[in-house]
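Engineer: Here it is, the structure, as structure tokens.
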Amino acid sequence: MRKFLAILVCKLSRFAGKLLGKGSSMPGKLALKVCPNILGKISLPKYIIAVTGSNGKTSTVEMIAHVMEDAGLNIAYNKEGSNQIEGVTTFILNNCTMGGKFKKDYILIESDERYAKYTFKHFSPTHYVIVNLYRDQLTRNGHPLWVYDAIKESIPESTKLILNADDPLISTFGEGRKNVVWYGMDNLSTDTNESTGVYDDGKYCPVCGGKLSYDYRHFNHIGSFSCEKCGFKKHNTNYTVTAADLEEGVVEIDGSTEIGLAFTGIYNVYNILAAYAACCTVGIDKNQISTSLNNFVLKNGRIVRFKLGDRTGVLLASKHENSISYEQSLTYAATRKTPGDVVVIVDRISRKYYTGDTSWLWDINFDILNSDSVNKIYLMGLYCSDLELRFSYTNIPKEKIKVFSDIHAGIEELRNGGKEEIYVVTCFSDKEKFLSETTMLQ
Ligand SMILES: [Zn+2]
């Protein structure tokens, strides 16, 4: 009876919420009040694929969903992105019959890395993709090692893990387990030997605390690592990017499958590889997967092309409070063949909660922008002075930097001030403030 009531409450409040334009976590919250273990009472399908980690969950889920739909599989996924237990409950109950049976054959869930342990207390994913662990939203999430403990608690014994072998911390989840699928990248021409970041989270072995050494790093602490003390090292991979031409936008997986990239950032390659590994693992044909992923354009608004006056540009939605996300966008802007202007906007740090903490700016290596490919750098928004102070500690010539607390005024100057491409690096909380004054091209 409680089950029936919880489903009813969820469906009704979801319907009402939609009419009122409300978010998707409230119906699940109400359902959990009526029946706290409702998720354990639902009859779920044979395949439950979950994705968690710091960066790229939404993109990876979108790609897996796209491939599975293309393959004609009957799937449902939480595309609204409410990934904590309330949102996941709303999503699951809304896809159920009143009797509590999930209507599709496959569930695909993006799960918040800290809350996964609450969601997966009630049911176990059959496949669990863990993409990476980075410093992310420290004021809300805590340190990666703290998030690590939260994810570890969320992993059921019976679940098949699909793990990024290039991330040392993520790799420890596979220690001592048999049911693990590993993915990673071989040595690429863009790799480095040393960490290029301001800090190095790959210095010490997460197993024994010994010194980690790297044959190569793709970026930050992601690469081919090994511990001199205990022998913990990058695991052999089942699915591997064997070559990548990021200029041309082509990656090669397992020496044969080629996939064209709609966006040529290395993090996009990881998302593609994670999706590829997950889809192969559930039995989809690799040619089918590569056809579906070929030049797949993400719909989640992470990369938006726009026109501003006579100029064109790309907005690279990056995550405030996440240095790796920022550095990947900065690297993209700084390595283009033709020079452009770069805009960094920090106006509201999070759209989900209030914080005025800007210490994360010191974790970002802004010296990446000290490149001939970068003309002017526009620092905009409420926290432009924090940005300006941070940039004063870089080697970037001062005359390249322009500061605007008023975003509108900055945009007007850009509109009239040049012809080059514009690269905007900012967060979801601030991106509309820029895009609303432009014409979007896609
Ligand atoms: Zn070790």
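Engineer: Rounded, prolate or oblate: which one fits the range 303-440, using the alpha carbon gyration tensor with axes a ≥ b ≥ c (rounded when a/c is under 1.5, else prolate when a/b beats b/c, else oblate)?
Structural biologist: Here the range 303-440 falls in the rounded category.
Engineer: Using only the alpha carbon atoms of the chain, find the Kirkwood hydrodynamic radius as the inverse mean reciprocal pair distance, in angstroms to one decimal.
Structural biologist: Its Kirkwood hydrodynamic radius stands at 22.9 Å.
Engineer: Check the straight Cα-Cα distances from Lys103 and name the lysines below 19 Å, setting aside those fewer than 8 residues away within the same chain.
Structural biologist: Within the straight-line limit of under 19 Å, Lys103 reaches these lysines: Lys3, Lys11, Lys41, Lys46, Lys79.
Engineer: Using the basic label-point model (7 angstrom from Cα toward the beta carbon), what is the Val297 to Ser124 distance in nanometres?
Structural biologist: Roughly 4.2 nm, to one decimal.
Engineer: Can you pull out the cysteines in the chain that have no other Cys Cβ under 4.7 Å?
Structural biologist: For the chain, the answer is Cys10, Cys35, Cys96, Cys279, Cys280, Cys384, Cys427, because their Cβ atoms have no other cysteine Cβ under 4.7 Å.
Engineer: About the Cα centre, and with charges only on the beta carbon of Lys, Arg (+1) and Asp, Glu (-1), how big is the dipole of the range 41-293? Nearest 20 debye, please.
Structural biologist: Its charge dipole is roughly 1240 debye.
Engineer: Can you tell me what share of the DSSP beta bridges in the range 303-440 is antiparallel? A percent to the nearest 5 is fine.
Structural biologist: Close to 30 percent.
Engineer: Using the Kirkwood formula on the Cα atoms of the range 41-293, what hydrodynamic radius do you get, in angstrom to one decimal?
Structural biologist: Over the range 41-293, the inverse of the mean reciprocal pair distance is 18.6 Å.
Engineer: Run the helix sum for the chain: -39,500 (n - 2.57) per DSSP H stretch of 4+ residues, divided by residue count, reported at 222 nm to the nearest 500 deg cm²/dmol.
Structural biologist: -9000 deg cm²/dmol
Engineer: Hey, if you put +1 on the Cβ of every Lys and Arg and -1 on every Asp and Glu Cβ in the chain, which of Leu435, Leu169, Phe120 ends up farthest toward the positive end of that dipole?
Structural biologist: Toward the positive end, the furthest listed residue is Phe120.
Engineer: Taking the Cα centre of the chain as the origin, how large is its charge dipole in debye, to the nearest 20, when only Lys and Arg (+1) and Asp and Glu (-1) carry charge on their Cβ atoms?
Structural biologist: Here the chain has a charge dipole of around 2260 debye.
Engineer: If you don't mind, another one. Roughly what would the spin-label model give for Glu247 and Asn74, points 7 Å off Cα along C-beta, in nm?
Structural biologist: 5.0 nm
Engineer: So, one more: Could you state the number of Å between the C-alpha centres of the range 339-389 and the range 18-95?
Structural biologist: 33 Å
Engineer: Return a whole-number percent for the relative contact order of the range 303-440, with Cα pairs under 8 Å and 6 or more residues apart as the contact set.
Structural biologist: 40 percent
Engineer: Still on this structure, please answer the following. Would you kindly state how much longer the chain becomes between Asp200 and Glu432 on full extension, computed as 0.36 nm times their sequence separation minus their alpha carbon distance, in nm to one decimal?
Structural biologist: This chain segment gains 80.3 nm when fully extended.
Engineer: Given axes a ≥ b ≥ c from the Cα gyration tensor, I'd like to know whether the range 124-189 is rounded (a/c under 1.5), prolate (a/b larger than b/c) or oblate.
Structural biologist: Verdict is oblate for the range 124-189.
Engineer: Within the chain, which DSSP H helices have Cα atoms that stretch 24 Å or more along the helix axis and a mean Kyte-Doolittle hydropathy of at least 0.0?
Structural biologist: What comes out of the filter, once short or polar helices are dropped, is 2-20.
Engineer: May I pose another question? Where nothing but the Cβ of Lys and Arg (+1) and of Asp and Glu (-1) is charged, how large is the charge dipole of the range 303-440 around its Cα centre, in debye to the nearest 20?
Structural biologist: 360 debye
Engineer: To check you understand DSSP bridge types, tell me what percent of the beta bridges within the chain (both residues inside) are antiparallel, rounded to 5.
Structural biologist: Percentage antiparallel, nearest 5: 40.
Engineer: Scan around Ser350 for amide H atoms under 5 Å from its own, H built in the peptide plane at 1.01 Å from N, and keep only partners 5 or more places away or cross-chain.
Structural biologist: Thr355
Engineer: In addition: Measuring from centroid to centroid over Cα atoms, what is the spacing of the range 209-241 and the range 259-326 in Å?
Structural biologist: 25 Å
Engineer: When you count, for each residue, the other Cβ atoms within 10 Å and take the mean per peptide, how do 359-369, 70-80 rank with the highest first?
Structural biologist: Final packing ranking: 359-369, 70-80.
Engineer: Cross-link partners among lysines for Lys203, C-alpha distance below 30 Å, same-chain residues fewer than 8 apart left out?
Structural biologist: Within the straight-line limit of under 30 Å, Lys203 reaches these lysines: Lys57, Lys117, Lys152, Lys160, Lys178, Lys211, Lys229, Lys233, Lys234, Lys319.
Engineer: Which residue, Lys319, Lys400, Lys103, tops the fluctuation ranking in a GNM of the chain built on C-alpha contacts under 10 Å?
Structural biologist: Looking only at Lys319, Lys400, Lys103, the biggest GNM fluctuation is shown by Lys400.
Engineer: Please give the contour-minus-distance gain from Leu8 to Asn187: 0.36 nm per residue of separation, less the Cα-Cα distance, rounded to one decimal in nm.
Structural biologist: My answer for the length gained is 59.1 nm.
Where a number appears in this text, it was derived from the coordinates with a stated rule and is not lab data. Just so you know, these numbers come straight off a predicted model, no measurement behind them. Backbone-built Cβ (ideal geometry, glycine too); neighbour counts: all protein chains shown.
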